[in-house]
Amino acid sequence: MISFTQVSKRYPSGHEALSGLTFEMDSSEMLFLTGHSGAGKSTLLKLIMLMERASTGQVVVGGRNLNRMRQSQIAFHRRQIGVVFQNHQLLFDRTVFDNVALPLQVAGYHSREVGRRVRAALDKVGLLDKEKQNPIVLSGGEQQRVGIARAVVNKPALLLADEPTGNLDPILSDEIMHLFEQFNSVGVGVMIASHDVSLIKSMQKRVLTLANGSLIYDGVLPANA
Amino acid sequence: MPNSRQNIHTKERGAKQAKLHIMGRMQAYSAHHKVSLITSFRKLISRPIQTLLTTLVVAIALALPATMLIALKNVQTVGKNLNTQPKLSVYLNQKAKPNAIDAFIVELNLNATISRVTFKTADEALQAFKLTSGMGDALELLDENPLPPTIIVEPQAAAIDPVILDALASEIGASPLVDEVVFDMGWVRRLIDIMVLLETLVLALACMLGVGVLLAVGNTIRLEIESRRDEIVVTKLVGGTNAFVRRPLLYTGLLYGVFGALCASFIVLFALLALSGPVASLAASYQSSFTLNIFGLSDFISLVLLGAGLGLSGAWLAVGRELSNIEP
């Protein structure tokens, strides 16, 4: 599903965010990406989303070499990936329903199909009754769940999340993680960047730990806290 | 791309992946056009002041040259109704003998640069003058006919060059029979020349104002893009193509152009209506039945199409430059 081979990313400022990173992720895997801020977690996610391009090395997602992907194909590449952001990136000029519908409208789905899928996604995250509300009136946890509904509404094969529980209390964080586990259990590859070590330990999943742009740990963290 | 979709979706999953066939995509495409148009329209209405200002800028920039062009067209019709063929009136000496005059007319008819020669005796000239001047009663008081016998010389079309006309006039004037040679209709030619000059000026002005419309709409769209930056970023992140992001903005530009053109049509219509009164009384004082040509349907359609085109182009210019700067 995802394969990084000797990937480095150097920004124009000269800062090297990733250096010689190599790893593989299976399409049905759920893995955590951890490390201090500035360790390169976000850059790694951006490379997968083609928000940035690798300076050297090969990034392959879903069998496609992203280095060779043309600018015009990026939009179509992104439709295969659901992304959940720390600041959820919801639009406050429209309803919850319209926020979640955006990936489907972008992909050219018929409005009947859009309605069906949006309600299925909102049902999944337990917000079906909030579809007509503006996301600004929702709580932080609810907003994050709207973000998750939007990420999964297009039934992507891969789900990326950048600090999805960053602003949430432990109980809400557990709920969100449980949602990700559910998606993973139906075959969606899930990659979550997080620095919440206790939460990660409780999940007992594969963890990639980055430090200064290099991989320093790859495996399941011991469960003791 | 279908390829990547297949590659990435090799895994069997509980949820069925609905296939989007071509017809569905076409429907969704036209549906998005409709949605873009409607949302752009609603957004314009939701900000009435900004919309009104931009629309008025467009309207004035379109109405000004349109009014001038229509006014010019009207004056040109006047010019065309007048006989534009220049003529020379050759006033003969009162004492010229009829047979000498006949010989002179034959001589003129042989001249290659002359297409037609018409002779009016002094009496005929007087009759014609009585008819056209409206001073018939005053002329009755005169003891004798003050008018000389006249030859009207119409040059060949090729000879209407002023230099050739001058040469012809002095050639005719050299005859001892001739008292005076007078250019007729010279002023009509000058009027037409001035019209052509004015038309060029108005077109140049229209071009400049057209650029103004492009810039006004472009700037408004640029502000619109700024205010919708978040939306554009999110749309691109969930896989929106540039065309998808561009569409509502282009419709906004198009609508500004169309609204502006509609306003401009009203302005032109009112300007011409306001002008028609004075023009009619002016025409009446010249015993002319001239009436102002009012802004027609074809003018209206051209103006709306022009406005739409300019609005769309202005939006396109702004979108092309700004949108590439907004990447997630």
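Just so you know, all these numbers are worked out from the coordinates, no wet-lab data involved. As the structure is a computational prediction, the values presented were derived from the model and not from experiment. Ideal geometry is used to build each Cβ from the backbone, glycine not excepted, and the neighbour counts take in all protein chains shown.
Take B:Val182 and A:Val186, extend 7 Å from each Cα along the Cα→Cβ direction, and tell me the distance between the two endpoints in nm.
Each label point lies 7 Å from its Cα, and together they span 10.0 nm.
Take the residue pairs A:Lys9/A:Lys41; B:Lys97/B:Lys120; A:Lys41/A:Lys205; A:Lys124/A:Lys205; A:Lys46/B:Lys236; A:Lys9/A:Lys46 and return only those whose Cα atoms are more than 19 Å apart.
A:Lys124/A:Lys205
I need B:Met195, A:Met49 ordered by Cβ neighbour count within 10 Å, fewest first.
Arranged by neighbour count, lowest to highest, B:Met195, A:Met49 become B:Met195, A:Met49.
Mind jotting down a quarter of the surface of the convex hull over the alpha carbons of the range B:214-328, in square nanometres, one decimal?
The orientation-averaged projected area of the Cα hull of the range B:214-328 comes to 8.4 nm².
Mind sorting B:Lys34, B:Lys43 by how few other Cβ atoms lie within 10 Å of their own Cβ, fewest first?
B:Lys34, B:Lys43
Which lysines, on any chain, are close to B:Lys73 with Cα under 28 Å apart, when same-chain ones fewer than 8 places away are left out?
Of all the lysines, those that pass the test against B:Lys73 - Cα under 28 Å, at least 8 places apart if same chain - are B:Lys87.
DSSP loop (so not H, G, I, E, B), at most 10 other Cβ within 10 Å: list which chymotrypsin sites (Phe, Trp or Tyr not before Pro) in the range B:232-328 pass both filters.
B:Tyr286
Quick one: what does P(r) look like for the protein assembly as shown with 10 Å bins over all Cα pairs, in whole %?
Here the calculated profile for the protein assembly as shown is 3, 13, 17, 14, 11, 8, 7, 7, 6, 6, 5, 2, 1, 0.
I'd like to know which of A:Asn67, A:Gly14, A:Asn134 lies farthest towards the positive end of the charge dipole of chain A, counting +1 on Cβ of Lys and Arg and -1 on Cβ of Asp and Glu.
Among A:Asn67, A:Gly14, A:Asn134, the one farthest towards the positive end of the dipole of chain A is A:Asn67.
In percent, what relative contact order does the range A:11-115 have, based on Cα pairs under 8 Å that are 6 or more apart in sequence?
Numbers: 46 pairs, mean separation 15.2, N = 105.
Worked out over the range A:11-115, it gives 15 percent.
Quick check on my link table: of B:Lys95/B:Lys130; A:Lys132/B:Lys34; A:Lys132/A:Lys201, which ones sit more than 30 Å apart, alpha carbon to alpha carbon?
In this structure, A:Lys132/A:Lys201 lie more than 30 Å apart at Cα.
Considering only DSSP beta bridges with both partners in the range A:131-225, what is the antiparallel share in %, to the nearest 5? Walk me through the intermediate numbers first.
On the way: 6 of 11 bridges.
The antiparallel proportion sits near 55 percent.
Select from the range A:102-168 those trypsin sites (Lys or Arg not before Pro) which occupy a DSSP coil region and have at most 16 other Cβ atoms within 10 Å, ordered by residue number.
The qualifying sites are A:Lys132.
Using just the alpha carbons, could you tell me how many Å³ per residue the convex hull of chain A encloses?
Here the figure is 125 Å³ per residue.
Where both partners of a DSSP beta bridge lie in the protein assembly as shown, what percent of those bridges are antiparallel, to the nearest 5?
65 percent
What nm value, rounded to one decimal, do you get for the distance between B:Met26 and B:Gln127 when each label is placed 7 Å out toward the C-beta?
Rounded to a tenth, the inter-label distance reads 7.7 nm.
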